[in-house]
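A short worksheet on the structure shown next.
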Amino acid sequence: MSILVLAEHDNAELKDATLAAVTAATQLGGEVHVLVAGHGCAAVADAAAKVAGVAKVLLADDAALAAALPENVAPLAAGLMAGYDAFVAPATSRGKNIAPRVAAALDVAQISEILSVEAPDTFTRPIYAGNAIATVKTSDAKKVITVRGTAFAKAATSGGSASIETVGSATDAGTARFVGAELTKSARPELTAAKIIVSGGRALGSSDKFHEYIDPLADKLGAAVGASRAAVDAGYAPNDYQVGQTGKIVAPELYVAVGISGAIQHLAGMKDSKIIVAINKDEEAPIFQVADVGLVGDLFTLVPELTGKL
Amino acid sequence: MKVLVPVKRVVDYNVKVRVKSDQTGVELANIKMSMNPFDEIAVEEAIRLKEKGIATEVVVVSIGVQQCTETLRTALAMGADRGILVQTDVTTESLAVAKVLARIAADEAPGLIILGKQAIDDDANQTGQMLAGLLGWAQGTFASKLDPQGETVNVTREIDGGLETVALKLPAVVTTDLRLNEPRYASLPNIMKAKSKPIATKTPADYGVDMTPRLTTLKVTEPAKRQAGIKVKSVDELVTKLKEMGAVA
Ligand SMILES: Cc1cc2nc3c(=O)[nH]c(=O)nc-3n(C[C@H](O)[C@H](O)[C@H](O)COP(=O)(O)OP(=O)(O)OC[C@H]3O[C@@H](n4cnc5c(N)ncnc54)[C@H](O)[C@@H]3O)c2cc1C
Ligand SMILES: Cc1cc2nc3c(=O)[nH]c(=O)nc-3n(C[C@H](O)[C@H](O)[C@H](O)COP(=O)(O)OP(=O)(O)OC[C@H]3O[C@@H](n4cnc5c(N)ncnc54)[C@H](O)[C@@H]3O)c2cc1C
C-alpha cells in the first residue's frame, strides 16, 4: 500500500496536525508520502522530509495553491492519487475542507475523524458527539481518511530523510478567490497543541470579564484559552476558541473548565483530557460528572484566588 | 436565484444516545428526532435571502425514510416554498446523498446550495464538500457570514486560526456554522400553511443513484467512561490536589 498524507501548513511552517496524520498513515502499513501544496512553501517541504516515517515529499508550489482553496487543491490531490491507495488528511478545518472533495473525485466514501486503525480497511470513529464509537470497514479500493489529532501520537520531526519531488503545476479553477483572513493573534499556545487549557463559559458574562478572569489564570499556567459555545456566541471569546463537538477537539494534560455547565456538545470536545478541573457554582452541574477535581463556588472569587496561589 | 437546502432528520440534539447492548448501533426506538441544527441555520439563511429579495424560491430536500417528510414540513413552516423527499430505507452515506443532490441541482439549477457543516449524528462533515466537488462548483464551508454580490458570494469561514473570507462564483455550495444566524421558530399560522405546501416524493432510482453503502459498521461501542473524581472545599485544597497529581509545578 502507498499512502499520500496532506500536509497542514501556512506556507512557512509545517503544523503538528500533520504529524498525527503521518502516524495514522504509518499504521495503515506501506510507504508514506507527504503532499505539500502551497506557494513559496519550500521550507515546509524541507521540514516534512525530516519527519520520521516519511519516504517522499511531493512539493506542489503554485500561486493557485497559496490559500489552500479546495477548488484548486482537491483536483491536484485527486490526480496524484492515481499512484496511491490511501489519502490521509488531518481533521483540521483545512483537511475537512479538502478531503471530502478528493473523495468525491475518486468516487469513494470518506471515513471522518478516525480514532484508530484496526486494520488497513477498518477504523474506529466517534459518532453522536463521541457518545458512541463506531468500527467501520470500507469496501472502497482507495481510501480517504481524516485523522483526529488527539487520537494519534505525533511522528518525530527529525530522523527522516525523505527525497523531495516537485510535482507539476496546479491549475486555478477560477471559481473561488481568497479575499482575506482575520487570524486570532495570541502569544499563548495553540489550543489543539496546548498541554494546559483554561476554558471559560457563559458565566463570565462579558468579553471584559472573560479577559479579566480567564487570561491571568491561563498566563500563570502557561495555558491556552478555550471557551464554550455559549461564550463564543455571546461574543466573550473569538470563534476559534470554541471547544466541543462542533468546535475544536482537545486532549490536554490539564483542562480547567470555569463557569461551564458541561453540555454533551462541550464534553465531546474535551472529555479525553488527562485531568479535568471544574469550577462551577452549581454543585449539580454535569461538568462535575467528568471532572477529576471539582470546586463548587463563585468563579469571580475563586479564580483570582487560584491565580494568586499558583 | 433559487436556493436549495438539503435537510437531514437526526436524533434531537438534547437526546443523550445510548449504545445498543448488542453493539449494532445506537438505540433509536421512541427517540425524539429533529432537523439537524445546522440545517435549521441553512433554512433560515435561505429564507432571509428570500426576504431580502435575493432568492426567488427556497427548495428543501431530504433523503431518507418516509418520516423525513416531517423534517421537510418543519422547513416549510419556517418559510421554505416546497420540498422534495427522496425516499429510501437504506443507510444514507454522504457520497450517495451528494450524488442525489447533484442530480437535483442539475434539474433545479439553484444559484446557491446551503447545507449544514455537519450532521450531529454521524458528525461526518463532508456532504457539502463532496457535492461541490461533484458539481465542480466553489465551496464556502463553515460559514459565519454570507454576502451575495451579484455574480459572486462572499463567504466568511470559521477556520482553526480565526476567520477567512473567500469570494465564490455562483452557483456555489455553502455549509453553515453555528454563528451564521439564529433560526426562527415557526409560528402556528405558518405551521398550518406549511401543510398545504407541495412536497414531491422521489426515489434514488429516479436520479439513477445507487445507494448501496460503501461502509459496513462492524460494531458500535461505548466510549471509555470517565469516573467522576472528587470535590474539594477550597482553593488551597485544589492547589494541593493539583500538585499531588503533578498537573502543576
Ligand atoms: C448543534 C449544536 C452544537 C453545539 N456545539 C457546541 C460545542 O462545540 N461546544 C460547546 O461548548 N457547546 C456547543 N453547543 C452548545 C451546548 O449545548 C451548550 O449550550 C453550551 O456548551 C453551554 O455553554 P456554557 O456551559 O458556557 O453555558 P451554560 O450552560 O449556561 O452554563 C453556565 C454555567 O456557569 C455556572 N455559573 C454561573 N455563574 C457562575 C459563577 N459566578 N461562578 C461559577 N459558576 C457559575 C452555571 O452554574 C452553569 O453551570 C452546541 C449546541 C448545539 C445545538
Ligand atoms: C455507525 C455509523 C457509522 C458511519 N460512519 C460513516 C463514515 O465514517 N463515513 C460515511 O461516509 N458514512 C458513515 N456512515 C453513514 C451515515 O449514515 C451518514 O449518512 C453519512 O456519513 C452522512 O454523514 P452526515 O449525515 O454526518 O453528513 P454531513 O456531511 O455531516 O452532513 C452535512 C449536511 O449534508 C446534508 N445532508 C446529509 N445527509 C442528508 C440527507 N440524508 N438528506 C438531506 N440532506 C442531507 C445536510 O445539509 C447536512 O447538514 C455511518 C453510519 C453509521 C450508522
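The values are calculated or read from the model by the stated rules, or taken from the named source; none is laboratory data. Please read all numbers here as calculations on a predicted model, not as lab measurements. Virtual Cβ from ideal backbone geometry, glycine too; neighbours counted across all protein chains shown. To get the accessible areas, we keep the full protein, side chains included, count just its heavy atoms, and leave off ligands, DNA and RNA. Shrake-Rupley method; radii C 1.70, N 1.55, O 1.52, S 1.80 Å.
Couple of notes before you dig in:
- Residue check, B:Val90 modelled with pLDDT of 95 or more and either open to solvent by 20 Å² or more (accessible area, probe 1.4 Å) or within 23 Å of B:Ala194 (Cα to Cα) (or both): no
Yes/no per residue for (1) of a type in the set (Lys, Arg); (2) within 24 Å of B:Leu180 (Cα to Cα); (3) away from every other protein chain (no Cβ under 14 Å):
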| residue | (1), (2), (3) |
| --- | --- |
| B:Asn14 | no, yes, no |
| B:Gly25 | no, no, no |
| B:Ile31 | no, no, no |
| B:Ala46 | no, yes, yes |
| B:Leu49 | no, yes, yes |
| B:Val61 | no, yes, yes |
| B:Ile104 | no, no, yes |
| B:Asp107 | no, no, yes |
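- Hits in the stretch A:100-148 (condition: facing another protein chain (nearest Cβ under 8 Å) and touching a Leu at 6+ places or on another chain (Cβ under 6 Å)): A:Ala104, A:Ala109, A:Thr135, A:Val136, A:Lys137, A:Thr138
- Where strands (runs of 3 or more DSSP E) fall wholly inside the stretch B:142-249, the ranges with 3 or more residues that are surrounded by 19 or more Cβ atoms within 10 Å (Cβ to Cβ) and away from ligand 1 (no atom under 16 Å from the Cβ) are B:152-159, B:162-169, B:172-176.
- Residue selected from the stretch B:5-58 under the condition acidic (Asp, Glu) and either more than 30 Å from B:Pro171 (Cβ to Cβ) or modelled with pLDDT under 95 (or both), by the criterion least open to solvent (accessible area, probe 1.4 Å): B:Asp12
- Tallying residues that are over 19 Å from B:Asn125 (Cβ atoms) and open to solvent by less than 10 Å² (accessible area, probe 1.4 Å) within the stretch B:62-83 yields 8.
- The C-beta contact set for the stretch A:256-272 (first residue more than 9 Å from every other protein chain (Cβ to nearest Cβ), second residue of a type in the set (Phe, Trp, Tyr) and more than 8 Å from ligand 1 (Cβ to nearest atom), distance under 7 angstrom, 6+ apart or interchain) comprises A:Met270/A:Tyr255.
- Applying the criterion of at least 2 residues that are among the β-branched types (Val, Ile, Thr) to the strands (runs of 3 or more DSSP E) found wholly in the stretch B:1-68 leaves B:2-6, B:9-11, B:57-64.
- Residues of the stretch B:70-82 satisfying the condition of being more than 16 Å from ligand 1 (Cβ to nearest atom) and under 13 Å from B:Lys8 (Cβ atoms): B:Glu70, B:Leu72, B:Ala75
- For the stretch A:149-196, a tally of residues being in a strand (DSSP E or B) and within 12 Å of chain B (Cβ to nearest Cβ) returns 9.
- Among the candidates A:Val57, A:Val22, the residue that is in a strand (DSSP E or B), of a type outside the set (Lys, Arg) and either within 25 Å of A:Ala104 (Cα to Cα) or under 16 Å from the mean Cα position of the chain (by Cα) (or both) is uniquely A:Val57.
- Qualifying residue in the stretch B:119-140 (condition: in contact with an Asp or Glu (Cβ under 6 Å, 6 or more places away or on another chain), more than 7 Å from every other protein chain (Cβ to nearest Cβ) and either surrounded by fewer than 23 Cβ atoms within 10 Å (Cβ to Cβ) or not charged (D, E, K, R) (or both)): no
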